[in-house]
Structures are given as structure tokens and as C-alpha cells.
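What follows is a short report on a single structure.
The values are calculated or read from the model by the stated rules, or taken from the named source; none is laboratory data. Owing to the predicted nature of the structure, the values given are computational and were not obtained by experimental measurement. All Cβ positions, even for glycine, are placed from backbone atoms using ideal geometry, and neighbour counts span all protein chains on display.
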């Protein structure tokens with residue numbers, strides 16, 4: 001390792017649906033966090049690693065969006081994002097190109113004023129506006145906070161992302177290599193597979209059901225002597241009335257979700273993947289199913305269920321060949 005090797009932790013923050021997961025996926029060069037046109041798709045703090053053996057190592061924390069919480073799951077997501085600000089070496093704040101700084105952005109600014117961590121503002125989605133407008137947006141944000149750097153970029157088009165990396169390394173401290181060169185995430189395969197299936201469900205279902213859907217991987221096992229991974233998954237929805245929508249006529253929607261997810265899962269596992277979907281409609285006493293579903297993705301700290309009854313009904317199994 002070189003003597004001038006830099007390393008540190010960088011959190012990516014911003015309002016929901018601003019492109020945080022897209023940015024991280026492009027910087028890492030592999031899909032780790034799910035993307036969707038629905039807000040709050042990132043439910044836990046995903047840790048990924050970018051390594052340049054000539055310069056250093058960046059550990060990215062892709063947090064849930066900072067927004068006004070509406071339930072216990074939302075409260076946990078927001079608290080996770082805000083507490084991360086004091087635990088990292090650099091903060092990457094993504095905003096959309098606009099001269100309007102709304103209540104959500106003002107809330108983030110107030111949180112940033114409580115920390116001494118360097119903040120790099122990334123004005124994302126600049127490919128959607130004319131170039132002469134970009135300087136106006138930069139000037140608008142420069143007046144409300146003393147940013148270490150302001151970088152216009154497009155995560156979707158991978159525009160100016162090299163500059164984003166350069167600015168991050170500029171503010172990282174010199175330090176050790178935390179992970180080996182080949183590590184790209186601390187997320188287990190099960191968690192990534194679950195998030196891929198969940199993303200495809202959100203895309204396929206579009207506006208038919210809200211974002212309150214979770215996927216639990218119950219079993220992943222390779223067939224003996226075969227290059228095939230059997231995956232058993234449970235899709236959890238907030239309401240029993242969503243059951244028919246998720247399943248579709250004759251199981252068509254469920255099969256569509258599985259087929260759409262298959263390509264990315266096979267790329268991840270480098271195996272021919274077959275999975276077996278089981279759908280459960282779950283109800284609980286005092287908690288939404290989105291909160292219960294949080295157990296599937298490792299969010300356990302905030303939720304206790306004393307004297308609560310969980311009932312499982314209307315199970316249906318679909319095999320995606």
C-alpha cells in the first residue's frame with residue numbers, strides 16, 4: 001500500500017428519489033442498491049466500497065432519504081440517515097437542479113449545520129436542464145450553505161462522476177485499507193437478491209400499490225451437482241387487498257416480477273437461477289406490515305412486538321422456471 005493512501009467513509013444523503021442509489025451504483029460499477037421512481041426504496045444503510053490502489057479507498061453509505069416520517073419504519077429510516085452525518089469523513093448531498101429550495105432541503109441544511117464534516121453538493125440530473133441554468137442553481141445553493149465543493153453531474157448518464165470521485169479523495173484523510181481490493185459491498189447475497197426482486201416488483205406494479213412492500217429470502221441453496229440456485233422468497237404487502245394485484249391473473253404478475261429479476265440475479269450469482277415465490281398476506285396488531293417486513297431486511301433495532309399477533313393467510317406459490 002502506498003504511503004499517501006487515503007481512506008474514509010462517505011455518506012450519500014438527499015431527499016427521496018433524488019438519485020442516491022443510482023449514483024452509488026455507477027460509482028461502484030455494479031448494482032447494489034435498488035432504484036425506483038417511488039420514494040423510500042432504500043430502507044437500510046447499504047455499505048459499498050470503491051478502491052483505487054493508486055489513491056485510496058472510499059466506503060460509501062447509501063442511507064434512506066431524509067424526509068418527514070409517517071410511521072415507525074419511516075422514523076427509523078430518517079434517524080439512520082441523520083445519525084450517519086456525524087460518523088463519516090465526507091458528506092455527499094444530492095439535489096435536483098432547481099432554484100427552489102423547499103422545506104425538505106431546508107431541513108437537510110439545518111441538519112448539516114450541526115456537523116463539521118465537509119459537505120460536497122452534487123447537483124444531479126443536470127442532463128435534464130440547459131447548461132446556462134446550471135450556474136444559476138450553483139449560485140442559489142452557494143448562498144444557503146458553505147459547501148466544500150459544488151459539482152454538477154448526472155448519475156443516470158454517468159456525467160462528471162470522475163470529478164465527484166476527485167473531490168471525495170480531496171477531503172478524505174490518509175489512512176489504512178479497510179477492505180481488500182475486490183470487495184464492493186458488505187451486503188450478503190441474500191440481501192441483494194431480495195432487493196433486486198423488490199425493485200422489479202416496484203417497477204412492475206407501478207402505481208397500483210404503494211412502496212410498502214418487502215421481500216424476504218427464506219432459502220437459497222445450490223442444487224447438488226448442478227449450476228442452479230434455488231431461491232425461495234416471500235413477498236410481503238401492507239394490505240390483504242394488495243394480494244390479487246401482486247399475484248395477477250393466474251399468477252401472471254408474480255411470474256413477470258420473477259422473470260424481470262432473473263437476469264440480474266444470474267449476473268450476481270453467475271449461475272442459472274431458478275426461484276420459487278411464495279406470497280403471504282400478513283396482518284399484525286398495532287404495526288403495519290411494512291414495519292414487520294423490516295425484519296426481512298435486517299432492520300430490527302427499532303421494532304418490538306409485545307403482545308402482538310401476526311396472522312398469515314391466503315398463501316400462494318408460483319414457480320418461475
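The residue list 132, 127, 162 contains one member that is over 15 Å from residue 101 (Cβ atoms), without any contact (Cβ under 8 Å) to a residue 12 or more places away in the chain and under 24 Å from the mean Cα position of the chain (by Cα), which is 162.
Restricting attention to the stretch 169-194, which residues are modelled with pLDDT of 80 or more and more than 27 Å from residue 89 (Cα to Cα)? 193, 194, listed by residue number. Listed by first and then second residue, the pairs with beta-carbon distance under 8 Å, at least 6 apart or on different chains, first residue in the stretch 97-120 and on the phi > 0 side of the Ramachandran plot, second part of a loop (DSSP other than H, G, I, E, B), form an empty list. Inside the stretch 243-262, residues that are in contact with a strand residue (DSSP E or B) (Cβ under 7 Å, 6 or more places away or on another chain) and free of Cβ contacts under 8 Å to residues at least 24 places away in the same chain make up a count of 0. If the condition is being in contact with a helix residue (DSSP H, G or I) (Cβ under 7 Å, 6 or more places away or on another chain), exposed (fewer than 14 other Cβ atoms within 10 Å of the Cβ) and farther than 22 Å from residue 171 by Cα, then the stretch 98-144 contributes only 99.
Taking the listed residues 207, 240, the one that is farther than 18 Å from residue 192 by Cα and either at pLDDT 80 or above or touching a strand residue (DSSP E or B) at 6+ places or on another chain (Cβ under 8 Å) (or both) is 240, with no other qualifying.
For the stretch 243-294, the candidate set comprises residues that are assigned to a loop (DSSP other than H, G, I, E, B) and farther than 26 Å from residue 25 by Cα; within that set, the residue that is modelled with the highest pLDDT is 248.
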